[in-house]
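Just so it is clear, none of the values below were taken in a lab; they were calculated from the coordinates. Predicted, not measured: the structure shown is a model, and the values here were computed from it. Counting neighbours? That spans all protein chains shown, and the Cβs are built from the backbone with ideal geometry, glycine included.
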Amino acid sequence: MRFFVTGTAGFIGFHLAQRLLELGHRVVGYDAMTSYYDVRLKEARHAMLARSDQFRAVVAPLEDMQRLTSAVEAAEPDVIVHLAAQAGVRYSIEEPRAYIDSNIVGSFNILDLARAMKPRHLLMASTSSVYGANAHVPFLESERADHPLSLYAATKKATEAMAHSYAHLFSIPITLFRFFTIYGPWGRPDMAPYKFIDAIEKGRPIDVYNHGDMERDFTYVADLIEAILRLVDCVPRIDSADPSVSPAAPWRVVNIGRGEPINLMDFVAAIERALGRKAICNYLDMQPGDMQRTFADSALLERLTGFRPHTSIDEGVAALVAWHRSYYG
Ligand SMILES: NC(=O)c1ccc[n+]([C@@H]2O[C@H](COP(=O)([O-])OP(=O)(O)OC[C@H]3O[C@@H](n4cnc5c(N)ncnc54)[C@H](O)[C@@H]3O)[C@@H](O)[C@H]2O)c1
């Protein structure tokens, strides 16, 4: 099949493209190589993908409708997976406009192109952050998620809503993924797992927010990719017998999370075991915009795909540490 994947120089897009290429698919990757974090890491990911002659990269922003249109038209995709975004909760306080540009305008451009190109399936990344102030756990897709705590979450919630209107108006089958704290090799340097490993390796203190009283449903990247691949084949169709699909559009939201939240200090302990070194902890208050706990209900994912993320924290952290050591020396 022919895939058009946005965000292929990013953490998740890279892993997805790599897996699709291994499976024999053709992939056009679209990424602006934004400077939110070390661009060399993004270039290294694209260089790995470029080893396959089935991969072609287009480096341009989603906001450039002309470049995006010619890239999608040339790719003639069966499936579009839209992962490119300005990610990160904390940065959305410093640079809110980056989120409007990439996540609102960028996602709208993808939707508008899907309207013209009519892919078999459009899959787009949302986030567990949309559950915001919800107190009831585990987070369930069918529950309301109307109280985002950060602009990042608000732009993802807006993307879900824009996608629903386009799925309804133009009969585009759309799946929205709500990812829960993804970690693993080639991970993002702005995220806690990477920051913790880097600091502990170098003997620097780590910042531990809310004095460690946080829980995250850490999900290993290989599990996430397996879930995405299986969801590609779960094309939503309006069907009154399936309550996970909107009654008004071929549109559904699916959590992708392990469904077993881990206390932050237990995650730090797993890193300490893998590194054979103790962390020096700098305990801080809760950061504005952050959630105290994330916890996926993964029953829908399992019902649709027969799969649920299963990699243990110790296995996942060991793989991340091994990659970090080999990549950074
Ligand atoms: N990693 C996680 O834990 C997590 C959790 C929830 C949701 N998500 C979502 O998953 C998706 C992938 O996240 P990731 O962790 O791989 O992030 P990432 O930052 O590593 O990858 C995103 C990629 O998008 C590109 N990009 C950003 N703005 C762009 C623009 N305007 N035009 C073109 N390219 C642009 C960046 O250069 C980057 O390579 C994002 O939509 C993110 O919001 C990630």
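When the stretch 72-89 is filtered for residues that are touching a Ser or Thr at 6+ places or on another chain (Cβ under 8 Å) and surrounded by fewer than 21 Cβ atoms within 10 Å (Cβ to Cβ), only V89 remains. Restricting D198, D239 to those that are surrounded by fewer than 15 Cβ atoms within 10 Å (Cβ to Cβ), assigned to a loop (DSSP other than H, G, I, E, B) and not basic (K, R) reduces the list to D239.
Taking the conditions (1) among the polar types (S, T, N, Q); (2) in a helix (DSSP H, G or I); (3) within 27 Å of L49 (Cβ to Cβ) in turn, S165 satisfies each one other than (3). Using the structure shown, decide if L16 is among the aliphatic types (A, V, I, L, M), over 21 Å from I110 (Cβ atoms) and out of contact with any His (no Cβ under 8 Å at 6 or more places or on another chain). Answer is no for this residue.
So that you can scan it fast, the table gives a plain yes or no per residue for (1) in contact (Cβ under 8 Å) with a residue 60 or more places away in the chain; (2) in contact with a strand residue (DSSP E or B) (Cβ under 8 Å, 6 or more places away or on another chain); (3) surrounded by fewer than 24 Cβ atoms within 10 Å (Cβ to Cβ); (4) over 27 Å from F14 (Cβ atoms):
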position: Y131; (1), (2), (3), (4): yes, yes, no, no
position: A135; (1), (2), (3), (4): no, no, yes, yes
position: E143; (1), (2), (3), (4): no, no, yes, yes
position: S150; (1), (2), (3), (4): yes, no, no, no
position: A158; (1), (2), (3), (4): no, no, yes, no
position: A163; (1), (2), (3), (4): yes, yes, no, no
position: F170; (1), (2), (3), (4): no, no, yes, yes
position: T175; (1), (2), (3), (4): yes, yes, no, no
position: P193; (1), (2), (3), (4): yes, yes, no, no
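The residues of the stretch 297-306 that are part of a helix (DSSP H, G or I) and buried (at least 16 other Cβ atoms within 10 Å of the Cβ), listed by number, are L300, L301, L304, T305. Within the stretch 211-247, can you find the residues that are within 12 Å of the ligand (Cβ to nearest atom) and under 20 Å from V27 (Cα atoms)? V221, L224, I225, I228, listed by residue number. Applying a threshold of 6 Å to beta carbon distances and a minimum spacing of six or more residues, or different chains, the list of pairs starting in the stretch 288-303 at a residue that is at positive phi and ending at one that is of a type outside the set (A, V, I, L, M) reads G289/S150.
Residue pairs whose Cβ atoms lie under 8 Å apart, separated by 6 or more positions or on different chains, with the first residue in the stretch 82-102 and within 29 Å of P173 (Cβ to Cβ) and the second in a helix (DSSP H, G or I) and charged (D, E, K, R), are A85/K156; Q86/D101. Checking each residue in the stretch 307-329 for being surrounded by 12 or more Cβ atoms within 10 Å (Cβ to Cβ) and polar (S, T, N, Q) picks out T311, S312. Here is a check on your reading of the model: is A125 near the ligand (Cβ under 8 Å from one of its atoms), in contact with a strand residue (DSSP E or B) (Cβ under 6 Å, 6 or more places away or on another chain) and either farther than 30 Å from A192 by Cα or touching a residue at least 12 places away in the same chain (Cβ under 8 Å) (or both)? So A125 fits the description; yes.
Being in contact with a helix residue (DSSP H, G or I) (Cβ under 9 Å, 6 or more places away or on another chain), farther than 26 Å from A158 by Cβ and part of a loop (DSSP other than H, G, I, E, B) narrows it down to one of E272, E260, E226, so name that one.
E260
Among the residues of the stretch 246-257, just one is under 10 Å from I174 (Cα atoms), among the hydrophobic types (A, V, I, L, M, F, W, C) and in a loop (DSSP other than H, G, I, E, B), namely A249.
To keep it simple, each residue is scored yes or no on (1) among the small types (G, A, S); (2) outside any loop (DSSP other than H, G, I, E, B); (3) under 21 Å from the mean Cα position of the chain (by Cα).
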position: D266; (1), (2), (3): no, yes, no
position: A279; (1), (2), (3): yes, no, no
position: G289; (1), (2), (3): yes, no, yes
position: R308; (1), (2), (3): no, no, yes
position: V317; (1), (2), (3): no, yes, yes
position: V321; (1), (2), (3): no, yes, yes
